[in-house]
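What follows is a set of notes on a single structure, which appears directly below.
The values are calculated or read from the model by the stated rules, or taken from the named source; none is laboratory data. The structure displayed is predicted, hence computed values, not measured ones. Cβ placement follows ideal geometry from the backbone for every residue including glycine, while neighbour counts extend to all protein chains displayed.
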C-alpha cells in the first residue's frame, strides 16, 4: 500500500477518534510528518484520489478510495476503528496486535465518540482529555500528545501478544495442572486473564531479587489466597504472592494449595 501524500480531516474542534487515526497512519507508514489538511469542505479531487486519506469528514465511507467518514451510517464505528481495520487488512498493523488495540483502547475511543456508554472508571477517558486540549493546545500539539499515548498502547498490545504466545507454550509443555512454572521469562504480561481461561490458579517464577529463591503468585488473592508455609522468607499481607528459599518448597506449597 502506498503511503498517503496527505491526510484530510475536519476543521474546528478536534476529537480523539480522528487524532488517534492520524497518528496510527503515521505509525504504520513510519512517517510522523505526513501532512494533515483540516477543512469543512472536501474537494471531489481529494475524495477520488487514493493517495489522499479523508478522515471523519466528506460524508463518504469508501475504503477503496481511502474515504473514512462514519457519520453517514449509524452502523459504522468511529474513524479510528475504520483506519485500524484497513491497516490490519493491508498488513501494515499485525493482526494480533490490532486485535488487542481494538478490544481495549480503540473500542473505548470509538464508543465514547458514538455516545455508547463505557464502564465508568472515575478516570477521564482519552476522548475527554483530547477535547480539553482544544483552546489550549494546537492541533499539531494534540497529535504529538496522542503519538505518545498511542505508542504506549501499541507497546502494551505487543507485550500482550508475546505474553499470550509464551503462556500457550507453557500450557502445551506442562498441561493444565492448576499451576504453571515459568523458569525463563518471569511474569507473563496479562497472565491472570489467560490463567482464568485455562483454569490455572498459581504461577511459579524465579525471584528477581534473590538468586535461587522462587515466588508463587496467585491469579486471585480472594479465591486462592497464599497462606503461610515452611520455607517462606516473605509473604505479602494482601496474600497475592510469597517468596520461598527454594524451588522445592515453593512447588510443594503450590501443589498443596491447588489440592485444597
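Just a few scattered comments:
Per-residue answers, yes or no, for (1) touching a helix residue (DSSP H, G or I) at 6+ places or on another chain (Cβ under 7 Å); (2) modelled with pLDDT of 95 or more:
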site	(1), (2)
150	yes, yes
162	no, no
181	yes, yes
186	no, no
189	yes, no
211	no, no
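- Some residue of region 117-125 being under 30 Å from residue 191 (Cα atoms), in a helix (DSSP H, G or I) and at pLDDT below 95: no
- Set 60, 52: member being in contact with a helix residue (DSSP H, G or I) (Cβ under 9 Å, 6 or more places away or on another chain) and either more than 20 Å from residue 90 (Cα to Cα) or surrounded by fewer than 15 Cβ atoms within 10 Å (Cβ to Cβ) (or both): 60
- Residue 221 under 30 Å from residue 125 (Cα atoms) and over 24 Å from the mean Cα position of the chain (by Cα): yes
- Candidate set from region 128-153 (those that are within 13 Å of the chain's Cα centre (by Cα) and surrounded by 15 or more Cβ atoms within 10 Å (Cβ to Cβ)); member that is farthest from residue 101 (Cα to Cα): 149
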